[in-house]
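Report on the structure given below.
Rule-based calculations on the coordinates, nothing more; no lab input. Source: prediction; values computed, not measured. Ideal geometry is used to build each Cβ from the backbone, glycine not excepted, and the neighbour counts take in all protein chains shown.
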Amino acid sequence: MMIYQAELVLDVQAELGEGIFWHPIEHCLYWLDIEGCSLNKFDPKTRINLAEQLDRQVGCVVPTTEKSLLLAGEGGIEEYWSETEEWAFLANPEEDKPNNRLNDGKASPDGRFWFGSLNRNHEKNQAAFYVMEHDGTVRRILTGLTNSNGIGWSPNGETLYHIDTPTRQVSAFDYDAEHGDICNRRTLVQFPESPEYGNPDGMTVDAEGMLWIAHWGGSRVTRWNPTSGEIIAAVNVPASQVTSVAFGGENFDTLYITTARRSLSLESLRRQAYAGGLFAVTPGVAGLPTHFFQWEED
């Protein structure tokens with residue numbers, strides 16, 4: 001098994017770094033500090049990070065083909081145009097669940113927005129998984145979840161991968177791009193029952209179809225073969241709460257990693273000086289291009 005070491009690229013000490021993606025047009029990384037309520041834009045060339053304060057916790061951010069961003073979190077989904085600083089409310093599918101928050105989400109290869117929710121009290125079966133169509137309508141796809149997290153698609157777009165963190169599993173579904181639906185659920189990866197592994201959090205897929213999974217509480221990112229369900233590589237991260245991963249750079253050959261300081265004791269923070277930082281590694285494989293949400297054409 002190949003072992004890599006992540007290097008610090010930004011010592012930002014985020015409370016809960018998350019939601020990272022590479023914007024291929026703007027040539028930068030977008031990422032969130034959920035509990036710090038900030039939307040961040042990091043340029044690896046200049047090493048400048050621009051943070052915009054938000055008035056709520058946002059769990060994910062995705063680009064659209066209309067040069068805007070979709071942000072989902074407390075209060076639902078909003079569209080944001082950074083050039084004009086305009087906001088537009090779109091939908092809140094969990095308005096009736098005050099203890100829930102929208103969490104991880106990504107655009108699919110066909111341009112829909114897939115996202116999930118979590119229950120803040122860790123109550124089982126209270127969260128769900130959704131899709132927003134090109135016309136802005138939202139459909140509930142899965143129920144009975146607790147913490148909907150990492151999402152990804154196979155390179156051919158025919159399989160969707162999804163993590164419900166407390167299950168310690170990665171599920172796979174057949175993906176129907178024409179109708180925006182999933183079926184034939186099966187378990188691909190089962191995290192070992194060992195505290196040192198932590199729990200599966202964010203996820204991305206590389207060009208070879210392998211899964212890269214962040215370990216909350218596990219100080220690592222691991223690469224898995226979805227066919228065999230085996231670990232084939234690992235990235236050691238000098239921070240225990242590893243949250244999200246995304247390939248970026250001009251050739252999508254750098255793996256960027258977000259981390260968190262939340263839930264760490266003072267002693268742990270002394271040992272983990274860069275907890276909450278942004279890290280990177282070049283693992284010798286490229287990721288898939290970032291997908292954009294596509295609004296329905298008029």
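Amide hydrogen proximity for Gly218: with H placed 1.01 Å from N in the peptide plane, the residues at 5 or more positions away or on another chain lying under 5 Å are Asn199, Val242. For Ile213, neighbours were defined as the other residues whose beta-carbon sits under 10 Å from its Cβ, and their charges (Lys and Arg +1, Asp and Glu -1) total +1.
With unit charges on the beta carbon (Lys/Arg positive, Asp/Glu negative), name the residue among Thr227, Ile213, Ser171 whose Cα is farthest towards the positive pole of the charge dipole of region 146-261. Going by the Cα projections, it comes out as Ile213.
Could you compute the net charge surrounding Leu118? Neighbours are other residues with a C-beta less than 9 Å from the C-beta of Leu118; K and R count +1, D and E count -1. Once positives and negatives cancel, what remains is +1. Using the Karplus relation 6.51 cos²θ - 1.76 cosθ + 1.60 with θ = phi - 60°, the per-residue 3J(HN,Hα) values for region 139-155 come to 10, 7, 9, 10, 10, x, 9, 10, 8, 5, 10, x, 9, x, 10, 5, x Hz, with x marking Gly and Pro. Here the Gaussian network model covers the chain, with springs between Cα atoms less than 10 Å apart; of Ser240, Ser154, Ser82, Ser82 fluctuates the most.
Restricting to Cα pairs below 8 Å that are 6+ residues apart, what does the relative contact order work out to for the chain? Please round to a whole percent. All intermediate terms of the calculation are to be shown ahead of the outcome.
On the way: 869 pairs, mean separation 58.4, N = 298.
Relative contact order here is 20 percent.
Loop-located GluC sites (Glu not before Pro) across region 1-47 with a Cβ neighbour count of 13 or fewer within 10 Å are Glu26, with loop assigned by DSSP. Backbone phi angles across region 282-295, fed through the Karplus curve with coefficients 6.51, -1.76 and 1.60 (θ = phi - 60°), yield HN-Hα couplings of 10, x, x, 9, 9, x, 8, x, 5, 8, 10, 6, 10, 6 Hz in residue order; Gly and Pro are listed as x. Over all distinct Cα-Cα pairs of the chain, the Kirkwood formula returns a hydrodynamic radius of 18.8 Å. Taking all Cα pairs closer than 8 Å and separated by 6 or more residues, the relative contact order of region 226-298 comes to 32 percent.
Considering only the other residues whose Cβ falls under 13 Å of the Cβ of Val281, what net charge follows from Lys and Arg at +1 and Asp and Glu at -1?
Details: positive: Arg220, Arg223; negative: Glu7, Asp206, Asp253.
Charge balance near Val281 sits at -1.
For region 87-124, GluC sites (Glu not before Pro) meeting the loop criterion (DSSP other than H, G, I, E, B) and having at most 16 other Cβ atoms within 10 Å: Glu95, Glu123.
Using +1 on the beta carbon of Lys and Arg, -1 on that of Asp and Glu, and nothing else charged, what's the dipole of the chain about the Cα centre, debye to 20?
Values: 22 positive and 43 negative charges, 266 e Å.
That gives the chain a dipole magnitude of about 1280 debye.
Straight-distance candidates among the lysines for linking to Lys124, with alpha-carbon spacing under 26 Å and chain neighbours fewer than 8 residues away dropped: Lys97, Lys106. For region 174-244, GluC sites (Glu not before Pro) meeting the loop criterion (DSSP other than H, G, I, E, B) and having at most 14 other Cβ atoms within 10 Å: Glu178, Glu193, Glu208.
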